[in-house]
Amino acid sequence: MNYGVTILSAASVERLQTRQLNQQEITGFAAILSRAAGQQEPATQFLQSLSQDELKLVQKAHSLARPIQLSALSQEGAQNLLSQPDGSDLVDLNNDGLVEVGEGKTIHFPPVNAPASVKAAWQKATAELSESDKATLALTMHHMVYGVHIDLPEVSPKAALPPEQQWNQTNIKALYDYARSNLQFRINMEGWTSYNKMLNQVYERFFRAITTLPAAGLTPTRVATTQGNAISAQASNAETTTPEVSTLKSPLSRQQQINQLLLDARLGIERDKIKELEEKMEAVRSDSTLSSMEKRDKLLALQASIEQLVKQAQQRTIEEEKRRATL
């Protein structure tokens, strides 16, 4: 009866429960993954061997809005339909930063092709954040790596680098400078808001970690600390003083910085909605009148709503990129 269940991680099982799969469906999906793992044929061909009920189960497991159209699947989209729901074994075969799952495309940061140490460092750096802040930061960082694709004449898509180049010491330093410059610009415009303080802490934890962790494609190096220390010093005094405007040189144009703020503003609408759902989840956890089962069901439903909002924000960003490409 438990055939295939062990192929799913605990995080995958939790994700499937959030997507309203019952135990029988979870077992059935795990069995499909187990069968796929033992096959040498391409994922597109394996999916053609599934029954309609099995395809519907795969659709539900990945929370896809539309039925799976086998003829419309790329190899990447098909392979990711047979992946862990926790995202641990997703592939980005063309390294464009957009991960196809079925016909849909999703955004991930760190990119799925990034070294394991980069993923671990990001997870640790964001461990204390709310789901809304994690989602917003992931989208922001993705655009720092792949470019901000909004309809402005001075913005053009960035060519994706191979992982071994993207995460070498030179490009880690460039990404660090980009993030720091963006943060400094936000501070100059907004002051030391709670969100900017959070950004400062996450950037410090993340970039310190990825310049010291040994990993393929990463060369330990010391990041530039002048700007980071200046910002950190401002943060420590932010409660009682007004930060001085930095005169540090920036690798970004002012237009790029404005574009990034526009992106943050757009995502902020979703962040507010997600925070509201998180407050409802906290209220459910504290409600002593609910049984354990009632709490579980309500929390799963609220978590599913959060997940849907994140997917919608990602999809809007991707559609904007598509529109930009046709101009």
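Only the coordinates and a few stated rules stand behind these numbers; no lab work does. Just so it is clear, the model here is predicted, and its values are computed rather than measured. All Cβ positions, even for glycine, are placed from backbone atoms using ideal geometry, and neighbour counts span all protein chains on display.
For the stretch 85-110, backbone nitrogen atoms closer than 19 Å to the point 7 Å from residue 41 Cα along Cα-to-C-beta are found at 102. The spacing between the stretch 167-215 and the stretch 94-136, judged by their C-alpha centroids, is 16 Å.
Working note: Debye formula, equal point scatterers on the alpha-carbon atoms of the stretch 87-136, no solvent; log10 I(q)/I(0) at q = 0.20, 0.26, 0.30 Å⁻¹ is -0.75, -1.06, -1.18. Distance between the pseudo-spin-label points of residue 171 and residue 209 (7 Å out from Cα toward the beta carbon): 2.0 nm. Taking each residue as 0.36 nm, the span from residue 69 to residue 130 lengthens on full extension beyond its C-alpha to C-alpha distance by 18.4 nm. Taking 0.36 nm per residue of separation and subtracting the Cα-Cα distance, full extension of the segment from residue 14 to residue 188 would add 58.5 nm. Simple rule: put +1 on each Lys or Arg Cβ and -1 on each Asp or Glu Cβ in the stretch 5-107, find the dipole, and look at 43, 11, 99; the Cα lying farthest toward the positive end is 11. The length gained on full extension between residue 53 and residue 197, counted as 0.36 nm times the residue separation minus their Cα-Cα distance, comes to 46.9 nm. Close amide-amide hydrogen proximity is noted between residue 106 and 99, 100, 101, each under 5 Å apart and 5 or more residues distant or on a separate chain (H modeled in the peptide plane; Pro and chain starts excluded). Relative to the globular-protein estimate of 2.2 N^0.38 Å, the Cα radius of gyration of the stretch 5-107 stands at 0.98.
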